[in-house]
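Working notes for the structure below.
The values are calculated or read from the model by the stated rules, or taken from the named source; none is laboratory data. All figures in this text were calculated on a predicted structure; none of them were measured in a lab. Here the Cβ is made from the backbone with ideal geometry for all residues, glycine too, and neighbour counts use every protein chain on show. The area values use the complete protein model at the heavy-atom level, side chains included, leaving out ligands, DNA and RNA. Shrake-Rupley method; radii C 1.70, N 1.55, O 1.52, S 1.80 Å.
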Amino acid sequence: MRAKRASDIKMDLNLLQGCVILYSSFDFGRKWQLVHERVTPNRFYWSVTGLDKELDLVHMEAHTPDGHCQYVTCRAQACSESSRTYPFSGYIETNSLVVQDEYVFVQDMHIVSTDQGQVFTAVQEWNQNDTYNLYISDTRGVYFTLALENVAGIEGMLIANRKVENQVKTYITYNKGRDWRLLQAPANDLAGNPIHCVLPFCSLHLQLQMSENPYLSGSISTKSSAPGVIVATGNIGSELSYNNVAMFISSDAGNNWRQIFEEEHNVWFLDKGGALVAVKQPTVPTRHLCFSAMPLFVDGVLVEAGAENQIMTFFGHFSHRSEWQLIKIDYKAIFTRRCTEGDYQTWHLHNQGEPCIMGQKQIYMKRRPGNYCMVGWDNSRILSAEPCICRAHDFEWEQ
């Protein structure tokens, strides 16, 4: 089962008591059908299950008439009361349902990753107000081990902000929490001027908050089909700051970074990660949409799913009093041709030159820099993976 936020499901926000009405469409929005009339906002997911990948299943945190919450599933095409299932017999906490990969969570925690058969999560303990503890599970997702204490505001695969002596600093790990290090700042700024930033006194710090708007990218963006690419909002200095922020990108999984913007942007991946689209924060109107006669405040973006996903739908408003405007853009025209074998090169995943990551030396295929061709396929697959010689810390011990 692969789960994601439902992109072809819409909400009616007019329902009272903080719920939304959920609808689904299978003809690009021409016709809509009711899924559920009382759903917690942003607590619904869509997954494709089964060997034929044709079983569309909706996971919802639904409200009962008396105000309780239940975990409910149903087929997206037919979700009447009689066809709904309730995997858990009892009630669950409000705003607790998370569905990711093969795992279903009904506790109030932040899920960092669920790859390689383990759950990496952040939990706020009873004595913590603005920090979290990071835990990693066994393969069943039942037993958890503490990986890092006092983590502040995490969002991202294996990157975390840790609060140390009232300073928040960004750390990265390549072995799921066994070792952590600070991020090396770029060597030059956007103008090409050298940056004098020496570890551990100065480093790159990233904002890792999750966007409350599901149609904005948040302060950090990655995509499994673009291995090693990370785009994030951050700053350079002794600690994390929300002043004088800029946008940074890494194309080698966080080893090296460079600045790409001086202002905060939302970033989306197109063409299976082969292209990036950046839009300024919605507080500033976007003036370079050539098909719009007036500047447009962009409230959100939908990237249409598909084999090539090169179509984006922008929705926004010309002013705070105007109606919503929907603009669909097909970016296929920016690619002159499809990529061929000669457009790719091998990329070795590494940690500051150390090629052994999680017990393997992994090699990926990536498009060569400067080759503006259409990828059109998922290049996240590992070209080769050679096992490393195991050491003591590579094993998981059971009692």
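(1) small (Gly, Ala, Ser); (2) at positive phi; (3) in a strand (DSSP E or B): which one isn't true of residue 232, the others all being true?
(2)
In region 163-183, what residues are in contact (Cβ under 8 Å) with a residue 24 or more places away in the chain and closer than 20 Å to residue 233 by Cβ?
Scanning region 163-183 gives 163, 167, 168, 169, 170, 172, 183.
Within region 38-48, work out how many residues are closer than 14 Å to residue 76 by Cα and either at pLDDT 85 or above or assigned to a loop (DSSP other than H, G, I, E, B) (or both).
2
Please verify whether region 154-171 includes one or more residues that are at pLDDT below 75 and open to solvent by less than 30 Å² (accessible area, probe 1.4 Å).
Yes, region 154-171 has at least one match.
When you scan region 260-274, how many residues do you find that are open to solvent by 10 Å² or more (accessible area, probe 1.4 Å), part of a strand (DSSP E or B) and touching a residue at least 60 places away in the same chain (Cβ under 8 Å)?
2
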